[in-house]
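The values are calculated or read from the model by the stated rules, or taken from the named source; none is laboratory data. Since the model is a prediction, treat every value here as computed from it, not as a measurement. Cβ atoms come from the backbone with ideal geometry, glycine included; neighbour counts cover every protein chain shown. With ligands, DNA and RNA removed, areas are computed over all heavy atoms of the protein, side chains included. Shrake-Rupley method; radii C 1.70, N 1.55, O 1.52, S 1.80 Å.
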Amino acid sequence: MNDIDKPGADLATIPIELLADAVDALEEGIAIVDGANRLVTFNRRFRDLLDAGEALVPGADWATLDQGELADPNAKSWSDLAERAHASGAKHVELRVLGERYFELTYRPTRHGGFVVTRTDVTDRHLAELLAREREMLLTAILETNPIPVVMARVSDGKIVYSSPAAQEMLAGSTNARAAYFDPDARAEYIRLLQTHGKVEDFRVKRRFLDGSVKTMSLSGALTEFGGEMCVVSSVSNLTEILRREALIRRVVEACPAPVLMNRAATGEILYRSPMVDQLFGVGDTTSVYWADPADRAAFLAALRRKTELLDWRGQFVNAAGDTFQASVSARVIEFGGEEVIVSHTRDLTADLALEAQLDHQREQMFQNEKMMALGGLMAGVAHELNNPLSVVVGHAMMLEEEVRDPSTLRQIAKISAAAERCAKIVKAFLSMARQEPARMEHTAINDVIETAVEVARYGETHAPVSVATELDPDLPPVSSDPDQIAQVVINLVINAAQAMGQTGGQVTVRSDRSGRDVRISVEDDGPGVPEAIRARIFEPFFTTKGVGQGTGIGLAMCHRIISAHKGTIRLESPSGGGARFVVALPMAEIESEQADKAQAPHQTRDAARVLVIDDEPAVADLNAEILNRGGFDARVAYTAQDASAHLSSGPFDAVLSDLNMPDMDGRGVYDAVCASQPDLARRTGFLTGDTMGATSQAFLGEVGRPFIEKPVSPSELRAFVAQLVSGGPE
């Protein structure tokens, strides 16, 4: 055993080399300084840590050694530091070398007036402490400036360990977290959740403030250990403003007139619905009961998942009353709570569809009006071409009736005349319907009109199995009507009834009676009747159920137009025994206090009143002149404008009867020429025309205010008209 290993060995007996080796093996640097501040000795570690170079030798002046920057602000120099170490015993000093490394020095005085210096590298420890202080300062700055209150309180008793400035303002001097809870049980539940899950987010509690108000707060916290105690660190949010905004949003959504719905996409379970949803669909927990057909919801969901958003998707739904209706849905798929959720609003299309139907009907009416205008233009052209030959046929037939006395010939002439007049009346009725002008009213015995119309219909109807009978009230008052137009209505209704029965035959009955202030005409048949599906359309222009070539679809439309112009009504009824019944109601004529109408006899004129007849159709001009000549007039004929000018310059005339539409000079040209050459004769100028529908003709006649008569006319009508012109009226 070595002497050094022996118990109680005296250090003096230990070899100096062994002690030197032991000191060199230490991690700390050690140096010994004598009472004169001279370096006695040092170990290798001291030399390495000091990095003093050749100046570090025994006997060196301790005060002059470059040992780095003193970190102690109270020490003026190393000598001062040594003296203070003598006076106070052991002294710990930190110094910084080159601003990068830190050392800790320990001074211990010796019995001989010197001291022993221990030098330890504490750079790592110093940097760690510095970083910890910086982090602490950063955390403190964050907590101090954070507007969200942060509180750390002990779990055991609720004592507040730390509170940020924002929390201190909220706590108003309270030192215990329990005071923040309106309900004490809420804190116990909060702690229980923290102990179960480690942390809690958005735990809502109510807190009473010093002013007596109670507000909802949100706590988010976690457990931590501090000072040997379990503490809870909580951030506190005042939800008053958030809840106010939520209440505002809820109020807006609930007041919104559109039904707003939020439901799970997978199951249809409703998460939120506005009051309008219950009003529209009724109360329910799932949207599946809203759909009339579940397949529609499946198609809707597939389209929504494919596009993530749908606008105005239409489907059939069931409303609160259990009725099916059509609606449009606008929806979007969002993620809520980790699952697909549909947010949508639904719009009831019932009113919109009704409006669309109304607009479609109005568009159809406009289309029909356009067709009627086109038809009117066509009719005007056709009428102009037909009126001249019809005038010739009618005129000559009537003149033959005045001359012929043979009964057989008269019957043939009567048939020709009746057929021609029927054609003329049809053309006139079409023109009246197309130009939508008021009818020429007169007091009319409706039974006479019915009998005439039935005779014409019988003559023109080819369906042998059909019989037409009349049941007329003999005591009916007169009506104010255009007899030709009313007769055309009856003819159309009778012929339609006969055609509806076809080859099977049947009975058509025309009746007249009185109902209140109306005189009624009913045309009834025992045929198949009118199907319910088309009853609303039978009076539309060009609507027909007849085959191609069998009907034009204008007959009933014309009847409706004529009766409406007479301020009457026409309707379809279904008799109990089958068939169809059309009922026309016309207002009775007003009783006039004036004298009875004057007889329609031709005006008396002086002998051989000279009349100039102007017409570009020689046959019409010659016929009219012959009719007038036989009536006691002196009629001269002009076929062209040059002929008319020559006649007007050759001598005076008592009246001028001119066609309205002529190729070289129209009615306006004739009237202007008469006004220029013989102004007085202009007051005795009238027009005979087959076209009063054209805009130019209507404008001219309305402008000059001269009388006119439409082709074809009977001889008596023509003579009466010319007689009025000769007498200077009407204006």
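Percent of Cα pairs in segment 618-659 per distance bin of 10 Å, from zero to the largest separation: 28, 58, 14.
On the accessible surface of segment 270-345, probed at 1.4 Å, how many percent belong to carbon and sulfur atoms? Carbon and sulfur together cover 52 percent of it. Give me the one-decimal nm value for the distance between modelled label points at Gln507 and Phe367, 7 Å along each residue's Cα-to-Cβ direction. Calculated label separation equals 4.2 nm. The label point for Val214 and the one for Thr409, both projected 7 Å from the Cα toward the Cβ, are 12.1 nm apart. The charge dipole of segment 154-238, taken about its Cα centre with unit charges on the Cβ of Lys, Arg, Asp and Glu (plus for the first two, minus for the last two), comes to roughly 140 debye. Solvent-accessible surface (1.4 Å probe) assigned to Phe226 amounts to roughly 110 Å². Entry note: segment 167-315 has Rg to Rh equal to 1.16, where both radii use alpha-carbon atoms and Rh is the Kirkwood radius.
Shown in residue order for segment 318-331 are the 3J(HN,Hα) couplings computed by the Karplus curve 6.51 cos²θ - 1.76 cosθ + 1.60 at θ = phi - 60°: 10, 8, 4, 7, x, 8, 7, 8, 9, 9, 10, 10, 10, 8 Hz (x for Gly and Pro).
For the pair Leu359 and Arg192, label points projected 7 Å from Cα toward Cβ lie 6.2 nm apart. At a probe radius of 1.4 angstrom, the accessible area of segment 471-519 per residue rounds to 41 square angstrom.
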